[in-house]
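*Asks:* Dropping a structure here in structure tokens format, bear with me for questions.
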Amino acid sequence: MPGIEKLPIEETLEDSPQTRSLLGVFEEDAAAISNYSTQLYEAMQRIYYAQNELSAATHLTSKLLREYDTQRFPLGGDDEVMSSTLQQFAKVIDELSSSHAVLSTQLADAMMFPITQFKERDLKEILTLKEVFQISSDDHDIANNRYSRLSKKRDNERVRAEVVEDLYTARKKQHQTMMHYFSSLNALQYKKKISLLEPLLGYMQAQISFFKLGSENLTQQWEDFLATIGTSVQNVRREMETEVGSMQQTIQETEDSCDPLYVPCDPDPTHTPLNRNLTRKQGYLYARIKTGLVSSSWERRYFFTQGGNLMVQGRGEVAGGLLMDIDNCSVMAVDSDDRRFCFQITSFDGKKVATLQAESRGECEEWISTINNISKRIYLSENAEELAARVNQSALEAITPSPSFQQRHESMKPAGSSKGRPGRASSISSVGSEISPALSALSFDALVAPETPIQFDIISPV
């Protein structure tokens, strides 16, 4: 039989829109299987009821034929030939009635039991897991929203701890439920084939047993065919058991390894260090959406980079849409009145600004580093991450303290030039020594207005 499609259990923790979209396809397939199986169940139930009715009717016919002698007919009641003939018919039909009763039992066991079990157990399990997964997904969204609205102030540690615990519990519940739901949907692809073939196999075997075909060739032909189908069913069953065992092992290993990742705070840097050399990144962020002149709201979306573009994708959408071009853009961390871990992206022409919120400080820094690398078009090189590492190292070396312009100017003067104008030198020295701490704390950007041209005094060597 051809290969069977599977849902990726390993990607349940990320819960990306692509995974949700694939889940929708499997859920649609499960609904189609349920609808078709219900119709097939009703048709086979009619066969079973008809067989029971035939068995009962045959038994009643045999009983009436045996009671012919007890009937008092006004005319021809003493016809012994007729009575003897009917008794022979009664004996044969009684044997047929017994065969029909055996056939009814075989149909109940071999045809109705497998499809009933599939309909009442397997399909209902899928529906139950779907409801539980939907509830856990909604609870996770609620816990995420509550966590994202935490104040930056540390005045209520008890509330903060409760919110973090709620998000941990909701995320763990959704992940575990999603893995079991995926496992059941994957197993359904195997059970679908078994549920269709087993009842038909049972029906045909029961009919062959009932009729006892006189032609050995025809009987052997059907037996060979049914033996082949039976072997195929057993192979599918063994393959399903192997796959279910593998999925259960994957679930157990994933649960053991992913437990620390349920906590929304920054993970241990020794296990998951920050990577500032990325040129591609994806994940969920909260985006500030303007709803009025002075009002705005936050919406959780899935963001990912694609070349020099920042893309956004809603849950359940098949593909993402362009949010903005981040080539030559500027990105920086910003303070928000109501949110933590925010950063702002401004397009090259300054016409488009996006304010986003990450889940943790580490995630925020990693997003900023990634977008900054993309803005420099590092992603166009062959070894993008290696080039990003070199650029970031050069930038780090460039911001190390260096001699000031005044110190360099003094070093360029002749040895005796300072003696001719002692007053000026002393005044400069005194003025420099009297700068207040508040003024010295101001940055260059704070003292000079944006877009102000900078004038340089060229010192003559004469």
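The values are calculated or read from the model by the stated rules, or taken from the named source; none is laboratory data. Since this is a predicted model, take the numbers as computed values, not measurements. So basically every Cβ, Gly included, is an ideal-geometry build from the backbone, and we count neighbours across all protein chains shown. For accessibility, only protein heavy atoms count, side chains too; no ligands or nucleic acids. Shrake-Rupley method; radii C 1.70, N 1.55, O 1.52, S 1.80 Å.
*Asks:* Among the residues of the range 370-390, count how many are open to solvent by 30 Å² or more (accessible area, probe 1.4 Å) and assigned to a helix (DSSP H, G or I).
*Replies:* Count: 8.
*Asks:* Looking only at the range 138-167, count every residue that is more than 21 Å from TYR302 (Cα to Cα) and under 24 Å from the mean Cα position of the chain (by Cα) and tell me the total.
*Replies:* Going through the range 138-167 one residue at a time, the tally reaches 4.
*Asks:* Find the helices (runs of 4 or more DSSP H) located wholly in the range 80-178 whose residues include 3 or more that are in contact with a Leu (Cβ under 7 Å, 6 or more places away or on another chain), and list them.
*Replies:* 80-107, 123-148
*Asks:* Just give me the residues in the range 86-102 being out of contact with any Phe, Trp or Tyr (no Cβ under 9 Å at 6 or more places or on another chain), small (Gly, Ala, Ser) and surrounded by fewer than 18 Cβ atoms within 10 Å (Cβ to Cβ), in sequence order.
*Replies:* Selection gives SER98, ALA101.
*Asks:* Filter the range 103-153 down to the residues that are free of Cβ contacts under 8 Å to residues at least 40 places away in the same chain, among the β-branched types (Val, Ile, Thr) and either surrounded by 14 or more Cβ atoms within 10 Å (Cβ to Cβ) or within 25 Å of TYR203 (Cβ to Cβ) (or both) and list them by number.
*Replies:* Matches in the range 103-153: THR105 only.
*Asks:* Cβ-Cβ distance below 7 Å, separation of 6 or more or different chains: which pairs start in the range 66-77 with a residue that is modelled with pLDDT of 75 or more and end on one that is part of a helix (DSSP H, G or I) and open to solvent by less than 90 Å² (accessible area, probe 1.4 Å)?
*Replies:* As it stands, the answer is ARG66/GLN87; ARG66/ALA90; TYR68/SER83; TYR68/LEU86; ASP69/SER83, since those pairs meet every condition given.
*Asks:* While we're here: Sort out which residues of the range 1-47 are of a type in the set (Asp, Glu), part of a helix (DSSP H, G or I) and within 21 Å of PHE118 (Cβ to Cβ), and write them in order of number.
*Replies:* First pass over the range 1-47, keeping only residues of a type in the set (Asp, Glu): 5, 10-11, 14-15, 27-29, 42.
Adding the requirement that they be part of a helix (DSSP H, G or I) leaves 10-11, 27-29, 42.
If the condition is that a residue be of a type in the set (Asp, Glu), part of a helix (DSSP H, G or I) and within 21 Å of PHE118 (Cβ to Cβ), then GLU27, GLU28, ASP29, GLU42 are the ones that fit.
*Asks:* While we're on this one: Read through the list (1) open to solvent by 90 Å² or more (accessible area, probe 1.4 Å); (2) of a type outside the set (S, T, N, Q); (3) at pLDDT 90 or above, then give the number of the only condition that TRP367 fails.
*Replies:* All conditions are met except number (1).
*Asks:* When you go through LEU278, LEU274 one by one, which is the residue that is farther than 19 Å from ASN144 by Cβ and surrounded by fewer than 16 Cβ atoms within 10 Å (Cβ to Cβ)?
*Replies:* Details: LEU278 fails: surrounded by fewer than 16 Cβ atoms within 10 Å (Cβ to Cβ).
Every option except LEU274 fails the conditions.
*Asks:* So is VAL318 open to solvent by less than 40 Å² (accessible area, probe 1.4 Å), within 27 Å of the chain's Cα centre (by Cα), within 24 Å of SER16 (Cα to Cα) and of a type in the set (Val, Ile, Thr) or not?
*Replies:* no
*Asks:* Look at the range 298-336 and say how many of its residues are assigned to a strand (DSSP E or B) and either out of contact with any Lys or Arg (no Cβ under 6 Å at 6 or more places or on another chain) or closer than 21 Å to ARG149 by Cα (or both).
*Replies:* Number satisfying all stated conditions: 21.
*Asks:* Right, next: Which of the residues that make up the range 330-360 are among the acidic types (Asp, Glu) and out of contact with any Phe, Trp or Tyr (no Cβ under 9 Å at 6 or more places or on another chain)?
*Replies:* Across the range 330-360, the qualifying residues are ASP335, ASP337, ASP349.
*Asks:* A further question on this structure: Determine which single condition GLN248 fails, assuming it passes every other condition in (1) out of contact with any Phe, Trp or Tyr (no Cβ under 7 Å at 6 or more places or on another chain); (2) outside any helix (DSSP H, G or I); (3) modelled with pLDDT of 85 or more.
*Replies:* The failed condition is (2).
*Asks:* From MET311, MET332, grab the single residue that is surrounded by fewer than 19 Cβ atoms within 10 Å (Cβ to Cβ) and without any contact (Cβ under 8 Å) to a residue 24 or more places away in the chain. Walk me through it before giving the result.
*Replies:* Details: MET332 fails: without any contact (Cβ under 8 Å) to a residue 24 or more places away in the chain.
MET311 is the lone residue from the list that is surrounded by fewer than 19 Cβ atoms within 10 Å (Cβ to Cβ) and without any contact (Cβ under 8 Å) to a residue 24 or more places away in the chain.
*Asks:* Give the number of residues within the range 314-329 that are in contact (Cβ under 8 Å) with a residue 40 or more places away in the chain and closer than 22 Å to ARG276 by Cβ.
*Replies:* 4
*Asks:* If you don't mind, another one. For the range 337-354, which residues satisfy the criterion of being open to solvent by 20 Å² or more (accessible area, probe 1.4 Å) and assigned to a strand (DSSP E or B)?
*Replies:* GLN344, THR346, VAL353
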